[in-house]
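Here is the structure we will look at.
The values are calculated or read from the model by the stated rules, or taken from the named source; none is laboratory data. Treat the numbers as computed from the prediction; the structure is a model and nothing was measured. All Cβ positions, glycine included, derive from the backbone under ideal geometry; neighbour counts span all protein chains shown.
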Number of protein chains: 2
Amino acid sequence: MTDLVPIDRVFHALADPNRRAILERLGTAPLSATLLAEPLGVTVAAVVQHLQILEAGGLIRTEKVGRVRTCRLHPAGLSAAEQWFRDRRSEWEQRFDRLGELLAADEDA
Amino acid sequence: MTDLVPIDRVFHALADPNRRAILERLGTAPLSATLLAEPLGVTVAAVVQHLQILEAGGLIRTEKVGRVRTCRLHPAGLSAAEQWFRDRRSEWEQRFDRLGELLAADEDA
C-alpha cells in the first residue's frame, strides 16, 4: 500500500493548513475548486495548486465534467500514512517490551 | 495535544526520507548526530539541519552533554499526527454512517 502512494508526497500534502482544510471540507461532500476556494479566502488558482499536491499524495481524486472539476476524498494517501504510523508504533512498542524484559531479567539475576 | 505541537511542522518533518530514516534508527537507541550521519551518506551538518526540523515537529529531543549532542525519540509529534488521523477518520466514518442511515430510511419509505 505504502509503495503505491509515495509517502513523502502524502506528508508534504498534509503539511499545509489550507490543504488540510480542503480535505476536511471534502469529508462532507465532493466539491468544485471554486466552492473550495470561497471560505479559504484564496484564489481558485491557488486552490488548484493545492489540489494537484493533494492528488499527487493520493488524498483526493479530481474529475472534470464539462467545465467543472469536481474533487472528492480518496482513501489511498490517508491509508498509506496511517500504515506508516502503525508500523513504527508496533516496531517501537516491541523494542520497548524487549527492553522491559531485559531490565526485569536483570533485576531477577 | 495537537495544539502543543504545530501539526504543520510534524507533517513537514515526516515528508523527507532521511528524516524518517533518522526516526527509525532512533527507535533502536539514542544516537549522536555523527552516528546518525554515517549510514545516510550525508554530512553531519545536513543531519543537524534535519534534527532541528524533527525537534521543531516534536518528534525528537536533543541534549548536549560535553561536546556530544545526543538525540532520542519524543512521543509528542507522533501522537499529534496520529490524533489528527483518528479525528478525521472518526468524523468521516460518522458521516458515511449517517449517509448509510439516510439511504436505508429512503429505501424503507
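Only one of A:77, A:27 is touching a residue at least 60 places away in the same chain (Cβ under 8 Å) and closer than 18 Å to residue B:88 by Cβ. Can you tell me which?
Only one candidate qualifies: A:77.
Only one of B:16, B:8, B:87 is touching a residue at least 12 places away in the same chain (Cβ under 8 Å) and of a type in the set (Asp, Glu); which?
B:16
Of (1) in contact (Cβ under 8 Å) with a residue 12 or more places away in the chain; (2) under 18 Å from the mean Cα position of the chain (by Cα), residue A:40 satisfies all except one. Which?
(2)
Out of all the residues in the range B:56-75, is one or more acidic (Asp, Glu) and either assigned to a helix (DSSP H, G or I) or within 20 Å of residue A:8 (Cα to Cα) (or both)?
no
In the range B:51-93, what count of residues is obtained for those that are more than 16 Å from residue B:30 (Cα to Cα) and among the aliphatic types (A, V, I, L, M)?
Selection size over the range B:51-93: 6.
Starting from residues that are surrounded by 15 or more Cβ atoms within 10 Å (Cβ to Cβ) and either in contact with a Ser or Thr (Cβ under 8 Å, 6 or more places away or on another chain) or among the β-branched types (Val, Ile, Thr) (or both), keep the ones in the range A:71-92 and report whichever is farthest from residue A:23 (Cα to Cα).
Result: A:84.
How many residues are modelled with pLDDT of 85 or more, of a type in the set (Gly, Ala, Ser) and more than 27 Å from residue A:6 (Cα to Cα) if we restrict to the range A:58-109?
1
Would you call residue B:89 closer than 18 Å to residue A:87 by Cβ and touching a helix residue (DSSP H, G or I) at 6+ places or on another chain (Cβ under 9 Å)?
Taking the combined requirement at face value, the residue satisfies it.
I need a count of the residues in the range A:8-25 that are farther than 14 Å from residue A:53 by Cβ and either aromatic (Phe, Trp, Tyr) or buried (at least 20 other Cβ atoms within 10 Å of the Cβ) (or both).
Adding up the residues that qualify gives 0.
Mind listing whichever residues of the range B:26-39 are crowded, with 16+ Cβ neighbours inside 10 Å and assigned to a helix (DSSP H, G or I)?
The answer is B:26, B:33, B:35, B:36, B:37.
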